[in-house]
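> Handing you this structure, nothing more for now.
Just so it is clear, none of the values below were taken in a lab; they were calculated from the coordinates. Small disclaimer: the values here were computed from a predicted structure and weren't measured. Heads up, the Cβs are rebuilt from the backbone with ideal geometry, glycines too, and the neighbour counts pull from every protein chain shown.
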Amino acid sequence: MPKEWPDQARFLDVLKTLRSASKSKLKVLVELASKEARAYYKHAAAILVKQIQVKKTRQRVPILYVVNSLSTIGQQTITTGGSGSS
C-alpha cells in the first residue's frame, strides 16, 4: 500500500482487543476506518480481510460485526461527508 495510514496502529490495537462486539469498540473502529476513507479505505479493508482469514471460526464473529457496521454506518458517512452521527 503506497500511502501510510496514520490511524493504522490505533485501528489494529482496538481490533486486537475486540473479544465481543461492544458498541464502544465498534464505534471507534468505524470512526477510524471512515476518517479520510477515500484515501485509506483499502488499508482498513485489507486488515479486516486478513483478520477474518487468520482467526478461528468463533473469533471471526466480532470482526464480521465491524464489517457490518462499516457497510451500514460507514456508507452513510462516506456518501454524506459527515461524521456519521445523527
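> Within region 27-45, name every residue whose backbone N is under 15 Å away from a label modeled 7 Å from Cα of Glu4 along the Cβ vector.
Backbone N within reach: none found.
> Then there's this: Give me the Kirkwood hydrodynamic radius of region 1-73, using the inverse of the mean 1/r over all pairs of distinct Cα atoms, in Å to one decimal.
One over the average 1/r among Cα pairs gives 12.3 Å for region 1-73.
> Quickly work out the Asp13-to-Ile52 label distance, labels modelled 7 Å from Cα along the C-beta direction, and quote it in nm with one decimal.
2.6
> Using 19 Å as the Cα-Cα cut-off, could you pick out the over-long pairs in Lys16/Lys56; Lys35/Lys55; Lys3/Lys55? Please report the intermediate quantities before stating the final value.
Details: Lys16/Lys56 14 Å; Lys35/Lys55 26 Å; Lys3/Lys55 26 Å.
Check vs 19 Å cut-off fails for Lys35/Lys55; Lys3/Lys55.
> On to the next question. From the phi of every residue in region 42-54, what ³J(HN,Hα) in whole Hz does the Karplus formula 6.51 cos²θ - 1.76 cosθ + 1.60 yield, where θ is phi - 60° and glycine or proline is x?
5, 5, 4, 5, 5, 5, 5, 4, 4, 5, 5, 6, 8
> Report, in cubic angstrom per residue, the convex hull volume of the C-alpha atoms of region 1-41.
Details: hull volume 2.7 nm³, N = 41.
Convex hull volume per residue, Cα atoms: 66 Å³.
> Taking the Cβ of Arg19 as the center, what net charge do the other residues with Cβ under 11 Å away carry, scoring Lys and Arg +1 and Asp and Glu -1? Before the final figure, lay out each step's value.
On the way: positive: Lys16, Lys25, Arg58; negative: none.
Here the count lands on +3.
> Could you tell me which residue out of Ala37, Leu18, Gln8 lies farthest along the dipole of region 1-44 toward its positive end? Charges go on the beta carbon: Lys and Arg +1, Asp and Glu -1, centred on the Cα centre.
Comparing the listed Cα positions along the dipole, Leu18 ranks first.
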